[in-house]
1. Mind checking which helices (runs of 4 or more DSSP H) fall wholly inside the stretch B:41-104 and carry at least 1 residues that are at the interface with chain C (Cβ under 8 Å from one of its Cβ atoms) and of a type in the set (Lys, Arg)?
2. If you go through the stretch C:473-495 one residue at a time, how many are open to solvent by 10 Å² or more (accessible area, probe 1.4 Å) and touching a Lys or Arg at 6+ places or on another chain (Cβ under 7 Å)?
3. Grab the helices (runs of 4 or more DSSP H) fully contained in the stretch C:38-156, keeping just those with 2 or more residues being under 18 Å from the mean Cα position of the chain (by Cα).
4. For the list (1) open to solvent by 10 Å² or more (accessible area, probe 1.4 Å); (2) part of a helix (DSSP H, G or I); (3) in contact (Cβ under 8 Å) with a residue 60 or more places away in the chain, I need the number of the one condition that residue B:134 fails.
5. Where in the stretch A:279-318 are there strands (runs of 3 or more DSSP E), lying fully within it, with 1 or more residues that are open to solvent by 80 Å² or more (accessible area, probe 1.4 Å)?
6. Tally time: how many residues in the stretch A:149-190 are part of a helix (DSSP H, G or I) and either more than 14 Å from every other protein chain (Cβ to nearest Cβ) or open to solvent by 10 Å² or more (accessible area, probe 1.4 Å) (or both)?
7. Would you check which residues across the stretch A:48-79 are under 17 Å from the mean Cα position of the chain (by Cα) and away from chain C (no Cβ under 13 Å) and list them?
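The values are calculated or read from the model by the stated rules, or taken from the named source; none is laboratory data. All figures in this text were calculated on a predicted structure; none of them were measured in a lab. Positions of Cβ are backbone-derived with ideal geometry, glycine not excepted, and every protein chain shown enters the neighbour counts. We work out accessible area using only protein heavy atoms, side chains counted, and drop any ligands, DNA or RNA first. Shrake-Rupley method; radii C 1.70, N 1.55, O 1.52, S 1.80 Å.
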Amino acid sequence: MSELLKVHNISKTFRRNQVHALKNVSFECDKQDVISVVGASGSGKSTLLRIIAGLEIPNEGEIILEDNKINSSEVFLSPEKRNCSLVFQDFALFPNMSVRENIFFGKNASKNKPMIEELIEFTRIKNLLNRYPHEISGGQQQRVALVRALSINPSLLLLDEPLSQLDNELKHQVRNELIHLIKKVGATVLMVSHDIEDAMYMANKVLILNDGVVDQIDLPSKIFNLPSSSYVARLFGKTNILPFNDFSYIKHHFFDKDRNEEVVSVRPHEFKLNHSNPSSKNPEIKGKVLSINAIGAFYEILIDTGKFELLVHIDKVNQIKTADDLSLYIDKK
Amino acid sequence: MKKIYLTLILVCTNLQAQINIYSHRHYDSDKILFKKFTDQTGIKINVIKGSADQLIERLISEGGNSPADILFTVDAGRLHRAKVAGILQPIESKILRENIPPSMRDEDDYWFGLTVRARVLVYSKERVTPDQLSTYEDLANRKWRGKIAVRSSSNIYNQSLMASIIASNGSRKALSWAKSIRKNMARAPRGSDRDQARAVAAGLADVAIMNTYYLGILANSPDAKDREVFKKVSVFFPNQNDRGTHINVSGAGITKSSKNKKDAIKFLEFLSGSDSQKTFGSVNYEYPIKIEANQSELLNSWGPFKYDKLNLSVLGANNAEAVKLFDKAGWE
Amino acid sequence: MDISALKSQKPLQILRQELLFKLNGWTILSLIVGLIIFFPIGEVLLSINSQSENWSHLKETVLLSYLLNTIILVVGTAFFSLIFGVLPAWIISNYQFKFRKILEWILVLPLAIPTYISAYAYFDVLELFNPLLIWVRNNINNDLMQFINNVLVYMVTILVMSSVLYPYIYLLARSAFVNQGAKLRDAASTLGYGEKSIFWKIALPMARPALIAGVSLVVMETLNDYGAVKHFGVPTFTSGIFRTWLGMGDLVGALQLSAVLIIFIFALLLIEKQIRSRSKYHDTLHSKPNSKKMVFGKKGSLAAIICCLIPLILGFVVPVIRLISWAWISRNKAGTIISMEMVSNSLLLSLISSVSIVSIAVLLAFTARYFKSSIINLSNRLATLGYSIPGAVIAIGILLIVAQINAWLNIALTGSLFLLIFAFIVRYLTVAWQPINAAIETNCDSLNHASKTLGSSAYTSLTSVNLPLIKSTLISAGLLVFIDVVKELPLTLILRPFNFETLSTATFDLSSQAQIIESSLPALCMIGIVLIPLGYLNYRLENIK
């Protein structure tokens, strides 16, 4: 076995509600992989992380870490005995301990002192060591939590929404720092995020979780270009889900459970006005303008073709008014 | 802290000569007598005070390992219950037999009465003349409608009174008596015996059923209002022409588990002696066990009376029946 | 998605996981401790199956009236406690007026007075109505007088009880009102709501969970009371239990009555839980505490002060003045009535009990939360039932069990301080467990996860994360227990060792032997002792705000 982590058929339900539940989740994770689990809140992604950390016990399934069975119907290795560590969404720094005490709290952390010193240096928190968590900023808390998690030299690093607590500007900076740090220590990372953009940036594999079921697990680029469900398609923003029957000239199609038919996903910006590029081979679509809204650099137009309502993004709308007839085509293969 | 340890040690070991008493009584007279006994004999006395019922439950729970030597209660009914529960033992003592009249001790010598209280009628001097009063049974008469004050039937003294009426008149008559009394009450039963005297003094009721002992308390209360109450009322001993006034005793028995039986007997004998009896009467307004030998000024002022010679064991035997009849009569 | 495809976790599977993965020293110890504490209560509950010979008699004659009286008393006391508690809480958390600060503080003082002492202090208040009653009897008729008398008895009992129990509601209502925040009030007033409608339509419904919690405490205390109802002659369930046990000598019947009472209480608790869980959305508002206060004019201030003073006078000033005047009359007996030993017994007993109860509460709450064990959760629920059960019933349960142990090991367990302290643990564990459990939940749950994933043992997590973070809660919980134990009566009375007097037993001994006036001395001592931790707790509550 070459995988570091093998998750096999994990299911978990909670007694009272169906939210956060998992159903038959399986995937594998190689050494130095950075996998991002993406899903809406309540999709069960945090539960998955907590099950791997040992904070929840699944109803069914197996987990194997470094060739050791850490979870099955007969085995449950308690979290303190698993060689993985978790960075919590709210960082969970011990408020009664200084930054230094926090970092060196982990079991055997003092044995890894040179490595930890280096991390402290790298994350520029050396001057904060004697402060208490409430005395430092959110970004700094984030770094302390990371260093603390790495202090026990885990074979798997789990990150729960690592960027959700930070404001937008800080987020971009921390994201880059995080990528650097992960590369530097060569860590294997499983992170959870509700933001597909973060996942695309940081991960080399993305796992899409929808209502406790794995919808797709693939390279980031494939997830974007070749979504396997309407859910995945919508994760990247507004899109038109249209029946494959009417748009069979579009190559990538998939099955939509709610509609019970094969569909295609066409993003608003993939529509073009007919006159602007007459060389296209795709058929013409005609429709009436229902509404026009200026949104920054482009206009969002709602068009009624008689059969569908289409959401279209167009750069220039010189002469277009509500109730005009428009002619469009899809610029996509 | 030391004291607590000491207590623990005392309970666990029996090095010094001592006796352990479970007592329902909380009186100064007892404190005086305990001290006197210790001074005379060198035998130390340890006491747990509590309600007799709960002390009996505790004795039953402790079984043969109980540290208690003596159970001291304020009524005969509970002593009888203790005897039936099998936590007392019979005592062979000439002195006790001589000092205590037969009706006031257990027929098998399991327990002995030590002081006496009479349950009498207390009436308003203003509104009632003694010739209107005669017996407990007469209080059931319509003429007393809305005029009687008496406490709750949860109280042991009422239960004992009812037990004696059952013994004398039978259950059926006793029930109809209780029903009539309930109808004649000036108010739903509440409060202590003293509160009944207060109700009479305030004009709410004309006659109260209560113990002589509590009148003594009122007469000598530090509160002027209480002494005022006492002045407004007078005592009537009912049933002088038939069985006599209902009495009850405060008494004691020696536990089955007693490890200091000899000293315990000595103690009971001491309490039945005339010196101790005098103390009970003067400090605590209780009649001595030989009522005729009473020397307390207050008690003497009420004069001698004829008391019910019913063996007090019967009070215990009829107690449960009495409570049930009260329940049926609606006497709360 | 297809929900039915999701297999929801079955109880059997939970049990299997518990046994397979969660058994360790901590959970086993906690389970044993929890079950031992539940034992006396379980013993009483088991008796519901046995049949007392007197049961049909009880059912025919008194059961209904016990039930009715108890319901009238409980409902009445809850109602007046609500009025006494909510009104001052509302005024104090929303308005600024003279003496506000001091009133806010002293309104909790009645907590220092046990119901039975307050009842003694009011023992003759009903006599005030004698002239009225006599007039009615002489001029109208006897039946009407009886009726008025009964109404008066209930009114006085209810008022006496609610005037000392309202602080439970006042405290919870005050913090609920303060935490509702100014934003909501502002929003409401911009929508054209006046003060009155803000109170009725917004503040009150939002405070409902806190009020219900407060009311349930008041109800438990009302049911626990034996002294006051006995004194005023209201035959309730609790007095019926004694009457059956001791008067009829029927322990089984008494146990059956207790079991009915316990079921009655559990039904109330269940309803409370339902209501509270349904109104959980109230807690999700995170607006800033309401620090802005409206200023009252002169008339308004006067009305506000009177509103706050009425319950305070009834529940604290009158009883305490009464006790002080009695203590003055019997001052020359003080030396013989009160001994240093009595005081130190009370203090030591309460101290030892507080420490043991807090320690056990920490063990149980921590284990259940740290290992997420449903079994321990269940055993904790059972072990913390004691507070809702009258002390006298717990005493019966303990005596029953001890009888078995005594016979079995051939020793006498009764009469040892150990047993008395155990009884306090059974009765008061909840008092410490509730706040400690809540503190661990809010402060430590997520940190414990961090601690676990960093490889530390449960012991390390407890000592270096949990205990330091809930230190202040431990102190408050300990003080709450301390206050309760100092005031406690029935358990101490039944289970105490030889020659062991505390201030509460001395108060009871004296007053039950017609020496009410003298009993004021130990009673005042006791109130004085309780006031110290009460003051400290209140001070801390202010500072947390």
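1. Working: elements: B:52-62, B:76-84, B:94-99.
Of the helices (runs of 4 or more DSSP H) lying wholly inside the stretch B:41-104, those with at least 1 residues that are at the interface with chain C (Cβ under 8 Å from one of its Cβ atoms) and of a type in the set (Lys, Arg) span B:52-62, B:76-84.
2. 1
3. Values: elements: C:55-61, C:63-94, C:100-106, C:115-121, C:130-139.
Per the criteria, C:63-94, C:115-121.
4. Against the list (1) open to solvent by 10 Å² or more (accessible area, probe 1.4 Å); (2) part of a helix (DSSP H, G or I); (3) in contact (Cβ under 8 Å) with a residue 60 or more places away in the chain, residue B:134 comes up short only on (2).
5. Working: elements: A:285-295, A:298-304, A:309-314.
Qualifying strands (runs of 3 or more DSSP E): A:285-295, A:309-314.
6. 19
7. Listed by number, the list holds a single entry, A:48.
One line per residue, one yes/no per condition, for (1) β-branched (Val, Ile, Thr); (2) at pLDDT 85 or above; (3) open to solvent by 20 Å² or more (accessible area, probe 1.4 Å):
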site: B:19; (1), (2), (3): yes, yes, no
site: B:24; (1), (2), (3): no, yes, yes
site: B:33; (1), (2), (3): no, yes, no
site: B:36; (1), (2), (3): no, yes, yes
site: B:40; (1), (2), (3): no, yes, yes
site: B:46; (1), (2), (3): no, yes, no
site: B:55; (1), (2), (3): no, yes, no
site: B:59; (1), (2), (3): no, yes, no
site: B:63; (1), (2), (3): no, no, yes
